[in-house]
Amino acid sequence: MDRLEIFRTIATEASRGELTFPTNVNASLKLQQALDDPDCHIDAAAKMIMAEPLLSARTVAIANSAAYNRSGNEISNVKVAVSRIGFRPLKSMVASVIVRQLDSKISDPALKAKAAQLWEHSAHVAALAQVIAKKITRVDPDTAMFAGIVHEVGGFYLISRAEEFPGLLDGDPEDWVEYGEKLIGRGVLKKLGMPDAVMTAVEALWLGARVLPPKTLGDTLLLANDLAPVVSPLHQKEGAAIKQAAAAIDFEFDDGTLHATLEESEEEIESLTAALLV
């Protein structure tokens, strides 16, 4: 079976909802469903978060980031962290844990390295999307961060299956873009119950039609993806080419320019990225 046929096979499974998830992913999905309950109290949410060490650490880190810690007072209490950031960003944190859990059973060092790079890319995109949404496009910044976290979930799923199919990630990256990204990504996003707004934004990213100045959530996600200093290993480009391409993107909007806004928001972007990488 050649790699294009494998892409199609996995995509067909994904479209049918026949996805193979680690057990810990299913547990995190239940947590996400609990947080979706409008009657879920903050005390109950905090207890569920504290049962997951990685999620606890990431929630506190986000609450202490420049994006959410306006007072400058650092905290170490999960319940206080949940109160500070609110339930919507908390759902993003659960999504980030789910995404990272997809590669939890990988043993091959090369695949682990690809998964780590893909998460670093996703964290940068999420932080950039949050700031761009808040300061330029004026769409909901928490939804933008959420979209950034999950936009490569199909890629994580592919990497998680790669040990079953030696050579799957070899060859031209365009094969993934053409035959795998949309079909596999769409199936995984649906299985994880992504909101329609996030699905639409990720679909816009796949189309790749950049609009400057950006206006929609999809525009926001696409711009953040183009500006991310770490590229997806499934869309491999040279590091110098990435920086050069990102530096060339600039535009004016009502409150200034892109470059000036990113410079002013550098601490916020860096602290949010670091929190997601905890």
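Every number in this text was worked out from the coordinates using simple rules, so none of it is lab data. Model, not experiment: these values are computed from the prediction. Cβ placement follows ideal geometry from the backbone for every residue including glycine, while neighbour counts extend to all protein chains displayed.
Put a plus charge on the Cβ of each Lys and Arg, a minus charge on the Cβ of each Asp and Glu, and nothing anywhere else: the dipole of the chain about its Cα centre is then about 800 debye.
Any of LYS114/LYS182; LYS91/LYS114; LYS47/LYS112; LYS47/LYS91 with alpha carbons more than 21 Å apart? Name them for me. In this structure, LYS91/LYS114; LYS47/LYS112 lie more than 21 Å apart at Cα. Neighbours of GLU163 by Cβ distance under 15 Å: Lys/Arg scored +1, Asp/Glu scored -1, total +1.
Round to a whole angstrom and tell me the spacing of the C-alpha centers of segment 151-165 and segment 27-57. Here the two parts' Cα centres lie 26 Å apart.
Qualifying GluC sites (Glu not before Pro) in segment 178-278, where qualification requires a DSSP coil assignment and no more than 15 other C-beta atoms within 10 Å, comprise GLU238. Sorting 28-37, 218-227, 121-130 by average packing, meaning the other beta carbons within 10 Å per residue, from highest down gives 121-130, 218-227, 28-37. Among the helices of the chain, those built from whole DSSP H runs whose Cα atoms reach 20 Å or more along their own axis and whose mean Kyte-Doolittle hydropathy is at least 0.5 are 87-101.
For every helix of n ≥ 4 consecutive DSSP H residues, a contribution of -39,500 (n - 2.57) applies; sum these over the chain, divide by its total residues, and give [θ] at 222 nm rounded to the nearest 500 deg cm²/dmol. It lands at -19000 deg cm²/dmol. Peptide packing for 78-88, 135-145 was compared via the average number of neighbouring C-beta atoms within 10 Å per residue; ordered from the highest value, the list is 135-145, 78-88.
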